[in-house]
């Protein structure tokens, strides 16, 4: 009777050695198990990406952080939309636009202000261990983040027709350049990098 070998405890090097020496005709099931474990370990190794402090954040991590922040932002605006009603936003008045602009800034600061002031992070960036930095690698100040990154983009967004295109489309597309920096990063002279947890 064959003794059962627990190949799952083998290192990748041991599995590769076993795959080369095993009699595949005599032990086809063992050979398949070894091959499957080698593939699984290779996938796991390739999935682990070392993220060094100071290295520019990946596009994927920035996207995930933006999604987290976006969901938080939507949650903050829902009460106003419910109170005012969707009809009001079909042809919004100047006063409604001004109110929403100010309300959005206040909510943003309530949600993210503490982290931005102390760690140059939004909630999403905090979860992904990334922060906003100056180009020299130092932590960006709250004034740089608020006035040069956030406020400038909010003002641009208010420009009829083109503002939405610049902020909603052109700004994020800049992340696909070699520098992995959005338009607001270029305006503020910042970058987003990994930081210690």
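The values are calculated or read from the model by the stated rules, or taken from the named source; none is laboratory data. These numbers come from a predicted model, not from an experiment. Cβ: placed from backbone, ideal geometry, glycine included. Neighbour counts: every protein chain shown.
Of (1) in contact with a helix residue (DSSP H, G or I) (Cβ under 6 Å, 6 or more places away or on another chain); (2) surrounded by 14 or more Cβ atoms within 10 Å (Cβ to Cβ); (3) not assigned by TED's automatic domain parsing to the domain that holds residue 125, residue 24 satisfies all except one. Which? Among (1) in contact with a helix residue (DSSP H, G or I) (Cβ under 6 Å, 6 or more places away or on another chain); (2) surrounded by 14 or more Cβ atoms within 10 Å (Cβ to Cβ); (3) not assigned by TED's automatic domain parsing to the domain that holds residue 125, residue 24 violates only (2).
When each of 158, 154 is tested for being more than 17 Å from residue 56 (Cα to Cα) and in contact (Cβ under 8 Å) with a residue 60 or more places away in the chain, the lone residue that passes is 158.
For the range 36-62, a residue qualifies if it is at pLDDT 85 or above and surrounded by 15 or more Cβ atoms within 10 Å (Cβ to Cβ), and the qualifying residues are 37, 38, 56, 57, 58, 61, 62. Take residue 15 and decide whether it is under 30 Å from residue 150 (Cα atoms), in contact with a helix residue (DSSP H, G or I) (Cβ under 9 Å, 6 or more places away or on another chain) and part of a helix (DSSP H, G or I). So residue 15 fails the test. Would the range 66-74 turn up any residue that is part of a helix (DSSP H, G or I), more than 24 Å from residue 188 (Cα to Cα) and free of Cβ contacts under 8 Å to residues at least 40 places away in the same chain? Checked against the condition, which is being part of a helix (DSSP H, G or I), more than 24 Å from residue 188 (Cα to Cα) and free of Cβ contacts under 8 Å to residues at least 40 places away in the same chain, the range 66-74 yields at least one hit.
Annotation: of all residues in the range 65-87 being surrounded by 14 or more Cβ atoms within 10 Å (Cβ to Cβ) and over 23 Å from the mean Cα position of the chain (by Cα), the one that is nearest to residue 151 (Cα to Cα) is 80.
To keep it simple, each residue is scored yes or no on (1) crowded, with 20+ Cβ neighbours inside 10 Å; (2) modelled with pLDDT of 90 or more; (3) out of contact with any helix residue (DSSP H, G or I) (no Cβ under 9 Å at 6 or more places or on another chain); (4) under 23 Å from residue 55 (Cα atoms).
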residue	(1), (2), (3), (4)
103	no, yes, no, no
109	no, yes, no, no
134	no, yes, no, yes
142	no, yes, no, yes
156	no, yes, no, no
160	no, no, yes, no
165	no, yes, yes, no
182	yes, yes, no, yes
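Annotation note: Cβ proximity below 9 Å between a residue of the range 19-39 that is outside any helix (DSSP H, G or I) and a residue that is surrounded by fewer than 10 Cβ atoms within 10 Å (Cβ to Cβ) (sequence gap 6+ or interchain) occurs for 27/2.
Against the condition within 19 Å of the chain's Cα centre (by Cα), buried (at least 17 other Cβ atoms within 10 Å of the Cβ) and either closer than 28 Å to residue 92 by Cβ or modelled with pLDDT under 95 (or both), how does residue 195 come out, does it pass? Yes, satisfied.
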